[in-house]
């Protein structure tokens, strides 16, 4: 995973959860496009942070990981779509699997800077300690679970997310956001439904292949 | 923007020419079949499933699962294009043509809203559902349509981006006016022609 700060000549505030499209153009005119979630708060005026997972078979993510250096220009368009977005509802439960944490991080960061007292909790599923993104920023509002190998001395949750992590909604206004692979989101949605979340209060984003 | 070149970027994958020309602009070849759904996956048993055509019609129609399977069944070879940039080429679905379903319905409007179990909606001109261009399908590549891909039944409108093919489809509402559906309200293009790259509102 690598995060990139992109300065925008024409910046627009986004809603936490929205994405940008990135378009690369080769000298022969060939173009490749992918969508990437914004990781930063809209309070960061004039720039966005995109966190991009390296997919070896991909075309856009290897370019970001292996070619891009500070100062390069890239073409971006956005912000896009208004379904998987946090508009200040509370309480909020965020469930992220792997790189699915990226749009949730925009929500967590924005809440910390705007309404730190608002109830928002992140449940974040990763394989190993090396896979944790934004590790230094995860505080009391985040619960980690390690599915493959927990760090030495880890006393917290291990294995896939389960009902011990997903509690009944604290009020009728509660909403939940789940983002990750299709398998992760299916599990997260089932746990949320079983815990008492209404289907309409669960917003999901399934990360397809996005090389 | 058109003169811009990304420093050091080169194409990594080159599909064979006969496939490349079937790939709309900005799309890449995806061998799998990714799942993209807004919200939890609904579970609809075939004994409660039904498909309706209602709204501004001379005659409303409704089929149960068993009645639906008494209708002429077609295998539809097609390419599908998702707005999230992947295309799946050379796949196939099996189901009933919307032309067949509309027989005797007498639609009084030029627009339609597909509506689904779970609340999803997507709009399109009625003309895009007729003329052998749209089906209600219950099979994918000869197998029952998996639940995560809209099973037991979904719409198939392969000439538009795939969000215009509603999963868990419950019916078609014929309307005398156009009206945005779920993704059309949330930022995606009202029509969604992949060959014109109509992805977002401003495209």
Q: Report, by residue number, each residue of segment A:157-170 that is outside any strand (DSSP E or B) and surrounded by fewer than 17 Cβ atoms within 10 Å (Cβ to Cβ).
A: A:159, A:160, A:162, A:163, A:164, A:167, A:168, A:170
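Working carefully through the options A:122, A:108, A:94, A:118, find the one that is under 16 Å from residue A:207 (Cα atoms) and at pLDDT 95 or above. Spell out the reasoning first.
Values: A:122 fails: under 16 Å from residue A:207 (Cα atoms); A:108 fails: under 16 Å from residue A:207 (Cα atoms); A:118 fails: under 16 Å from residue A:207 (Cα atoms).
The conditions single out A:94.
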Q.
Residues that are closer than 23 Å to residue A:112 by Cβ and free of Cβ contacts under 8 Å to residues at least 60 places away in the same chain: list the strands (runs of 3 or more DSSP E) wholly contained in segment A:4-52 that include at least 2 such residues.
A. A:47-52
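Tell me, please, whether a residue that is touching a residue at least 40 places away in the same chain (Cβ under 8 Å), surrounded by fewer than 16 Cβ atoms within 10 Å (Cβ to Cβ) and away from chain A (no Cβ under 12 Å) can be found in segment B:82-89. Talk me through it step by step, then tell me what you get.
Just the residues of segment B:82-89 that are touching a residue at least 40 places away in the same chain (Cβ under 8 Å), to begin with: B:82-89.
From what is left, the residues that are surrounded by fewer than 16 Cβ atoms within 10 Å (Cβ to Cβ) are none.
Within segment B:82-89, not a single residue is touching a residue at least 40 places away in the same chain (Cβ under 8 Å), surrounded by fewer than 16 Cβ atoms within 10 Å (Cβ to Cβ) and away from chain A (no Cβ under 12 Å).
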(Q) Tell me the residue from B:30, B:21, B:67 that is at pLDDT below 95 and more than 14 Å from chain A (Cβ to nearest Cβ), please. (A) B:21
Q | Matching residues in segment B:158-173 - criterion: being more than 23 Å from residue B:43 (Cβ to Cβ) and buried (at least 24 other Cβ atoms within 10 Å of the Cβ) | A | B:161, B:164
Q | Search result, residues across segment B:70-81 that are surrounded by fewer than 20 Cβ atoms within 10 Å (Cβ to Cβ) and within 14 Å of chain A (Cβ to nearest Cβ) | A | none
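Results for (1) within 13 Å of another protein chain (Cβ to nearest Cβ); (2) surrounded by 19 or more Cβ atoms within 10 Å (Cβ to Cβ); (3) out of contact with any helix residue (DSSP H, G or I) (no Cβ under 6 Å at 6 or more places or on another chain), shown as yes or no for each residue.
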site	(1), (2), (3)
A:50	no, yes, yes
A:56	yes, no, yes
A:73	yes, no, yes
A:81	yes, yes, yes
A:86	no, yes, no
A:93	no, yes, yes
A:106	no, yes, yes
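Return the only residue of B:52, B:12, B:61, B:7 being within 14 Å of chain A (Cβ to nearest Cβ) and at pLDDT 95 or above.
Numbers: B:52 fails: within 14 Å of chain A (Cβ to nearest Cβ); B:12 fails: at pLDDT 95 or above; B:61 fails: within 14 Å of chain A (Cβ to nearest Cβ).
From the options B:52, B:12, B:61, B:7, the qualifying one is B:7.
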Q) Does residue B:39 fit the bill of being in a loop (DSSP other than H, G, I, E, B), within 11 Å of chain A (Cβ to nearest Cβ), free of Cβ contacts under 8 Å to residues at least 24 places away in the same chain and at positive phi? A) no
Q. Of the conditions (1) within 26 Å of residue A:182 (Cα to Cα); (2) within 14 Å of another protein chain (Cβ to nearest Cβ); (3) in contact (Cβ under 8 Å) with a residue 40 or more places away in the chain, residue A:63 fails just one. Which one is it?
A. (3)
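Every residue, every condition in (1) part of a loop (DSSP other than H, G, I, E, B); (2) in contact (Cβ under 8 Å) with a residue 12 or more places away in the chain; (3) surrounded by 13 or more Cβ atoms within 10 Å (Cβ to Cβ), yes or no:
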| site | (1), (2), (3) |
| --- | --- |
| A:155 | yes, no, no |
| A:172 | yes, no, no |
| A:184 | no, yes, yes |
| A:189 | no, yes, yes |
| A:194 | no, yes, no |
Q | Matching residues, segment B:91-107, being free of Cβ contacts under 8 Å to residues at least 60 places away in the same chain and surrounded by fewer than 20 Cβ atoms within 10 Å (Cβ to Cβ) | A | B:91, B:92, B:94, B:99, B:100, B:103, B:104, B:106
Q: Taking only segment A:1-29 into account, find how many residues are surrounded by 15 or more Cβ atoms within 10 Å (Cβ to Cβ) and within 12 Å of another protein chain (Cβ to nearest Cβ).
A: 12
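The values are calculated or read from the model by the stated rules, or taken from the named source; none is laboratory data. What you see is a predicted model, and the numbers here were worked out from it, not measured in a lab. Note that each Cβ is placed from the backbone with ideal geometry, even for glycine, and that neighbours are counted across all protein chains shown.
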